[in-house]
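K.L.:
Have a look at this one before I ask anything.
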Amino acid sequence: MDINLIQEEIKKDLAGVTSRQGLEEVRVKYLGRKGLLAELTGSIPFVPAEQRGVFGKQVNALKNSLLNQIEEKEKELTAKISVPDKNFQDIGMPGIVRMPGALHPITQMIDEICSIFNRMGFSVVEGPEVETEYNNFTGLNIPLDHPSRDAFDTFYLKKYSKLLLRSHTSPVQVRVMKAQKPPLAIIVPGRVYRPDAVDASHLFMFHQIEGLLVDTNIRFSDLKGTLELFAKGIFGQDIKMRFRPHFFPFTEPSAEVDISCIICKGKGCSVCGKKGWLEILGAGMIHPNVFKHVGYDSKKYTGFAFGMGIERIAMLKYGINDIRLFFENDLRFLKQF
Ligand code: PHE
C-alpha cells in the first residue's frame, strides 16, 4: 500500500472534476461506505502490531488531506457558477419595467401656450413671486383705494409691509418696461397668489400667463389678431371669439375675451351657464399712466397686454371640473396627460 500513489490518483481525479456531480463521484470513490478510505481503515487491525501506529496515522492524514482537497474544489466550483458567462443571455428573464415620469399638466399647458406665442415672435420672461407693492399695484395704475389692494385680497409679507405675493403676473410688465426700451414682445408664465377660499374653481395659488407687446403703431386690431391665433391654436380652428368691454386700471380700452363654448358649440349648456360663451382672459391697450411710470413716451409708443389663468385654460381644454385636481398629486389624474 503506497500512500503516495493514492495521493497522486486523488489529485488526478480531482483535476478532472468540472461539476458538482463529478465531485460527488470522487467523494464516494474515496470516502463512501465502500470507498478506499473505508477499506484502508478496515485493514488497520490486520497490520503487524509494530507498524500499526504509523499506518494508522498515515491513513488519518490521507483522510484529512482528501477532505481539504474536496472542500477546495467545492469552493472553486461555486465561484465559477456565480460569475455569469459573458455570452449567456436569459431571454426568459422578466424585463425591467421602467416607470418614466411626465411633465405636470400645467407645465405642459404652459409649454403649449408659450410655443404658440414663440412662433409669433414673443419671448418668455419670468419675474419673482415676491413683489413690491409698487410693481403689483402703483406702477400699474391701480389706485390706493382699489379693493384688490385690501389685505383680504392680497397676501402681504408681515415683516415687510411693502412686499407681497404677487396677485397677478402684470407686475412683470413694469419690470420689463423699466429695464428695456421698445419694441418688445414678451409672455410671462408664473404662479400668482390670492387669499381666496378653496373650492372647485378657486385656489389661493394658481398660474397665469401675461402677454405684453409695445411698439409704434400698435392697434387694438393687433391684439385681436394675436389672441385669435392663440385661441385657435389651443382650442381648434372652429372656435369663435368675442371681446366684451371691461375695466382694468392698467389698460384702456379694456376687454374680457370669450370663446364659443367648446362643449355645446355656442348653443348653451351647463358648462357655459346657458350663455354659449366661456371667458378665457382679460386684455386691453396699455394705459398711458403705466407708460408714464416706466418712462415710455405714450405719444410715440402704443401697446397691448393680456392675462389668462392657465388652470382655467387647461380645465376648458380637457373638460376638468375641479381645479383642486391639479395639485392633489393623484397619479390616476396626472397620468391622463
Ligand atoms: N392682470 C389681470 C388679472 O389678473 C389680467 C390682465 C392682464 C388684464 C393684462 C389686462 C391686461 O385679472
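K.L.:
Within the set of pairs 6+ apart or on separate chains, which have a first residue in region 88-108 that is of a type in the set (S, T, N, Q), a second that is at pLDDT 90 or above, and C-beta atoms under 7 Å apart?
P.N.:
Filtered contacts from region 88-108: Gln108/Phe337.
K.L.:
Within region 1-91, considering only helices (runs of 4 or more DSSP H) that don't extend past its boundaries, which have at least 3 residues that are hydroxyl-bearing (Ser, Thr, Tyr)? Talk me through it step by step, then tell me what you get.
P.N.:
Details: elements: 3-15, 20-31, 36-43, 49-82.
Where helices (runs of 4 or more DSSP H) fall fully within region 1-91 and carry at least 3 residues being hydroxyl-bearing (Ser, Thr, Tyr), they are 49-82.
Residues checked against (1) of a type in the set (Lys, Arg); (2) under 21 Å from Asp2 (Cβ atoms):
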site	(1), (2)
Lys29	yes, yes
Ser43	no, yes
Val59	no, yes
Lys63	yes, yes
Leu66	no, yes
Glu74	no, no
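K.L.:
Listed residues Arg219, Arg244; which is modelled with pLDDT of 95 or more and touching a Ser or Thr at 6+ places or on another chain (Cβ under 8 Å)? Working first, answer last.
P.N.:
Working: Arg244 fails: touching a Ser or Thr at 6+ places or on another chain (Cβ under 8 Å).
Selected residue: Arg219, the only one of Arg219, Arg244 that is modelled with pLDDT of 95 or more and touching a Ser or Thr at 6+ places or on another chain (Cβ under 8 Å).
K.L.:
Continuing with this model, one more query. Counting only residues that are without any contact (Cβ under 8 Å) to a residue 12 or more places away in the chain and in a loop (DSSP other than H, G, I, E, B), how many does region 115-136 have?
P.N.:
Final tally of qualifying residues: 0.
K.L.:
Turning to a different aspect of this structure: Of these, Phe306, Phe327, Phe337, which one is away from the ligand (no atom under 16 Å from the Cβ) and either exposed (fewer than 14 other Cβ atoms within 10 Å of the Cβ) or at pLDDT 95 or above (or both)? Quick ask: steps written out before the conclusion?
P.N.:
Numbers: Phe306 fails: away from the ligand (no atom under 16 Å from the Cβ); Phe337 fails: either exposed (fewer than 14 other Cβ atoms within 10 Å of the Cβ) or at pLDDT 95 or above (or both).
Being away from the ligand (no atom under 16 Å from the Cβ) and either exposed (fewer than 14 other Cβ atoms within 10 Å of the Cβ) or at pLDDT 95 or above (or both) holds for just one of Phe306, Phe327, Phe337, which is Phe327.
K.L.:
Tell me the residue from Lys299, Lys275, Lys292 that is at pLDDT 95 or above, surrounded by fewer than 20 Cβ atoms within 10 Å (Cβ to Cβ), more than 14 Å from the ligand (Cβ to nearest atom) and assigned to a loop (DSSP other than H, G, I, E, B), please.
P.N.:
Numbers: Lys275 fails: at pLDDT 95 or above; Lys292 fails: assigned to a loop (DSSP other than H, G, I, E, B).
That would be Lys299, the only listed residue that is at pLDDT 95 or above, surrounded by fewer than 20 Cβ atoms within 10 Å (Cβ to Cβ), more than 14 Å from the ligand (Cβ to nearest atom) and assigned to a loop (DSSP other than H, G, I, E, B).
K.L.:
What are the pairs, 6+ residues apart or on separate chains, where a residue within region 210-227 that is without any contact (Cβ under 8 Å) to a residue 60 or more places away in the chain has its Cβ under 7 Å from a residue that is within 13 Å of the ligand (Cβ to nearest atom)?
P.N.:
Sorted first by the residue in region 210-227, then by its partner, the pairs are Lys224/Phe243.
K.L.:
Further question on the same structure: Going by what's in this entry, would Tyr318 be described as away from the ligand (no atom under 16 Å from the Cβ), among the hydroxyl-bearing types (Ser, Thr, Tyr) and more than 30 Å from the chain's Cα centre (by Cα)? First the steps, then the outcome.
P.N.:
Details: away from the ligand (no atom under 16 Å from the Cβ): yes; among the hydroxyl-bearing types (Ser, Thr, Tyr): yes; more than 30 Å from the chain's Cα centre (by Cα): no.
No: the conditions fail for Tyr318.
K.L.:
Here is a follow-up. Only one of Ala15, Ala49 is within 60 Å of the chain's Cα centre (by Cα) and either exposed (fewer than 11 other Cβ atoms within 10 Å of the Cβ) or modelled with pLDDT of 90 or more (or both). Can you tell me which?
P.N.:
Numbers: Ala49 fails: within 60 Å of the chain's Cα centre (by Cα).
Exactly one of Ala15, Ala49 is within 60 Å of the chain's Cα centre (by Cα) and either exposed (fewer than 11 other Cβ atoms within 10 Å of the Cβ) or modelled with pLDDT of 90 or more (or both), namely Ala15.
K.L.:
Are any residues in region 268-313 among the charged types (D, E, K, R) and in contact with a strand residue (DSSP E or B) (Cβ under 6 Å, 6 or more places away or on another chain), and if so, which ones?
P.N.:
In the first step, residues of region 268-313 are kept if they are among the charged types (D, E, K, R); the result is 274-275, 279, 292, 297, 299-300, 311-312.
Listed by number, the residues that qualify are Glu279, Glu311.
K.L.:
When you go through Gly236, Gly284 one by one, which is the residue that is under 26 Å from Ser115 (Cα atoms), of a type in the set (Gly, Ala, Ser) and within 30 Å of the chain's Cα centre (by Cα)? Give the steps one after another, and end with the answer.
P.N.:
Numbers: Gly284 fails: within 30 Å of the chain's Cα centre (by Cα).
Residue meeting the stated conditions: Gly236.
K.L.:
Could I ask something else about it? Among the residues of region 117-125, are any within 28 Å of the chain's Cα centre (by Cα) and of a type in the set (Phe, Trp, Tyr)?
P.N.:
Checking region 117-125: at least one residue is within 28 Å of the chain's Cα centre (by Cα) and of a type in the set (Phe, Trp, Tyr).
K.L.:
Return the only residue of Pro182, Pro100 being exposed (fewer than 13 other Cβ atoms within 10 Å of the Cβ) and away from the ligand (no atom under 16 Å from the Cβ).
P.N.:
On the way: Pro182 fails: exposed (fewer than 13 other Cβ atoms within 10 Å of the Cβ).
So the residue among Pro182, Pro100 that is exposed (fewer than 13 other Cβ atoms within 10 Å of the Cβ) and away from the ligand (no atom under 16 Å from the Cβ) is Pro100.
K.L.:
Separate question: Condition first: among the aliphatic types (A, V, I, L, M) and in contact (Cβ under 8 Å) with a residue 24 or more places away in the chain. Can you find one or more residues in region 232-246 that meet it? Show your work before the answer.
P.N.:
Taking region 232-246 and keeping what is among the aliphatic types (A, V, I, L, M), we get 234, 239, 241.
Those left that are additionally in contact (Cβ under 8 Å) with a residue 24 or more places away in the chain: 234.
The answer is yes, given that some residue of region 232-246 is among the aliphatic types (A, V, I, L, M) and in contact (Cβ under 8 Å) with a residue 24 or more places away in the chain.
K.L.:
Taking Thr226 as the residue in question, decide whether it is under 14 Å from Leu281 (Cα atoms) and more than 12 Å from the ligand (Cβ to nearest atom).
P.N.:
Numbers: under 14 Å from Leu281 (Cα atoms): yes; more than 12 Å from the ligand (Cβ to nearest atom): yes.
Yes.
The values are calculated or read from the model by the stated rules, or taken from the named source; none is laboratory data. The model shown is predicted, which means the values in this text are computed figures rather than measured ones. Every residue, glycine among them, receives a Cβ derived from its backbone with ideal geometry; neighbour counts consider all protein chains shown.
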